[in-house]
1. Restricting things to alpha carbons, tell me how big region 176-294 is in terms of Rg and Dmax, in Å.
2. Quick check on region 113-206: what are the equivalent-ellipsoid semi-axes from the Cα gyration tensor, as sqrt(5λ), descending, whole Å?
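Any read-out appearing in this document is the output of simple, stated calculations on the displayed coordinates, not a laboratory observation. Fair warning: this is a prediction, and the values are worked out from it, not measured in the lab.
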């Protein structure tokens, strides 16, 4: 008898059984016997799975006549396992819990949105990005059941990709401008357009945005008392930034020392006369943390 403590619960798979017709009666008899046995075992398995779905972390499950092979445990044939709520006599170390969760839900590889767009359909991966669009929750029919979905658009380094959250994940508290990491996303394609869909193993958490380097030419700008708004063209893509005025003035002084004494209008006029000048910006989220004239 093996006593199993539930740490994490995966999702039952489906093992399709294809029936083949045979001309000979003896072969039919053998198939019928095998099918009956499989059906009986399958019924017990489904009953056990139904019991498992009721379990929570910390509950126990006895396995009589269990066969232990490496990290797998196989119960005796034709036995319906019954779970017991709570197990105070056994303490499971946190390290073992983490290892168990990894077995039933291995981590998905992390990719950029740009790489995700070129990934094959049905690949499972993890992505990060900023929410730039959030649609209202909708209800669709899946297997004749009403199912909630919610479409988000993520952006990372200028690359955008749509992400559809299904069922409970659609109700998670998320907002535009937030940076998130989404694990175990399924790559899908519709009308030659790649997108991502959440799966049962998907988790979503807020993350700190990564620093992003933007190099391009300034095509327009406007100055205020404390900051400078500028439009930068990078690889035929126009991006708007708000740069601290002291950063701009310090860079101009590198080439013209007297710029430190210019008033706001004089500084703006001088820079406008040199439009299409190259710059390099380091961005973290929506904040410019570094500005450099090239």
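1. Rg then Dmax for region 176-294, in Å: 19.3, 62.
2. 19, 16, 12
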